[in-house]
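Below is one structure, written out as structure tokens; comments come after it.
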Amino acid sequence: MPGKLIYEGKAKSIYETDHPYEVQIYFRDDATAFNGEKKGQINSKGILNNAISSLFFELLDSRGVPSHFIRKIDDRSMLAKRIKIIPIEVVVRNIAAGSLSQRLGLPEGQVLPRAVVEFYYKDDKLGDPLINNSHVDVLGLATPAELEFLSARSLKINDILKDYLAERKVRLVDFKLEYGKSDQEILLGDEISPDTCRFWDADTNQKLDKDRFRRDLGGVEEAYQEMYDRLKG
């Protein structure tokens, strides 16, 4: 059984364990969009996101990218290292979609000439605003060296995931990453799932992610299951 509740986010709950440097992360079926303005439930989402994230973390660890992930505990929980989250969300974009299309007037689906890295201030009250290097410095969120590390590490993850997913007929459109510190080491944290990534079918561009929930496209549970099946297959 999990210990004391430490933190409850939009779709995950974090609990203490018997080990002071480890936590249990529980994946719920809650779904939110537009900074929490839209809320709902996606059947079995927690089970699938836990399984998908575990697979991705294991893949990245095998390629030299350490994360907070230790092991999968059960269908809805993983054991992870306790980290102090850096309040910066790193978004990597390969194809124009979502807010990038809206801000820059790029048609959704336009392949970018190179990956774009964006930083967002992790603050729910402010709506996680887009920030630049100067903002990071002024707010004291990270040092220039740490910010460069986050950018370079995220691009490495992008290369690994793009190749891995291409073999499974999936296009990695964009994705969000979070990082944290453990004994001054910066580790990848949070999750990598259809909640935090845009996945499109390589042949049809069918959306296999939370955009189906955001845009009321239907087939949300089926899309999450399809992503898991492709990763396992």
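The values are calculated or read from the model by the stated rules, or taken from the named source; none is laboratory data. What you see is a predicted model, and the numbers here were worked out from it, not measured in a lab. With ideal geometry, Cβ positions are generated from the backbone for all residues, glycine too; neighbour counts draw on all protein chains shown.
Listed residues Arg71, Arg114, Arg103; which is of a type in the set (D, E, K, R), part of a strand (DSSP E or B), more than 20 Å from Leu161 (Cβ to Cβ) and free of Cβ contacts under 8 Å to residues at least 40 places away in the same chain?
Checking each option against the conditions leaves just Arg71.
Return yes when Asp203 is without any contact (Cβ under 8 Å) to a residue 40 or more places away in the chain and farther than 24 Å from Arg76 by Cα and no when it is not.
Answer is yes for this residue.
So how many residues does region 43-68 have that are over 17 Å from the mean Cα position of the chain (by Cα) and either touching a residue at least 40 places away in the same chain (Cβ under 8 Å) or surrounded by 16 or more Cβ atoms within 10 Å (Cβ to Cβ) (or both)?
Final tally of qualifying residues: 3.
Could you grab the pairs with beta carbons closer than 8 Å, sequence gap of 6+ or different chains, first residue in region 7-33 and over 21 Å from Ser67 (Cβ atoms), second one of a type in the set (Val, Ile, Thr)?
Glu8/Ile14; Asp29/Ile42; Ala31/Ile42; Ala31/Val220
When the residues of region 117-170 are narrowed to those that are touching a residue at least 12 places away in the same chain (Cβ under 8 Å) and of a type in the set (Gly, Ala, Ser), which ends up nearest to Val92 (Cα to Cα)?
Ser154
Please state which one of Ile186, Ile160 is surrounded by 15 or more Cβ atoms within 10 Å (Cβ to Cβ) and outside any strand (DSSP E or B).
Among Ile186, Ile160, only Ile160 is surrounded by 15 or more Cβ atoms within 10 Å (Cβ to Cβ) and outside any strand (DSSP E or B).
Among residues belonging to region 189-224 that are in contact with a strand residue (DSSP E or B) (Cβ under 6 Å, 6 or more places away or on another chain) and outside any strand (DSSP E or B), point out the one that is surrounded by the fewest Cβ atoms within 10 Å (Cβ to Cβ).
Ala202
Does region 128-140 contain at least one residue that is over 22 Å from Lys207 (Cα atoms), in contact with a Leu (Cβ under 9 Å, 6 or more places away or on another chain), at pLDDT 95 or above and surrounded by 16 or more Cβ atoms within 10 Å (Cβ to Cβ)?
For region 128-140, residues over 22 Å from Lys207 (Cα atoms), in contact with a Leu (Cβ under 9 Å, 6 or more places away or on another chain), at pLDDT 95 or above and surrounded by 16 or more Cβ atoms within 10 Å (Cβ to Cβ): present.
Among the residues of region 1-37 satisfying the criterion of being of a type in the set (Gly, Ala, Ser) and assigned to a loop (DSSP other than H, G, I, E, B), which is modelled with the highest pLDDT?
Per the criteria, the residue is Ala11.
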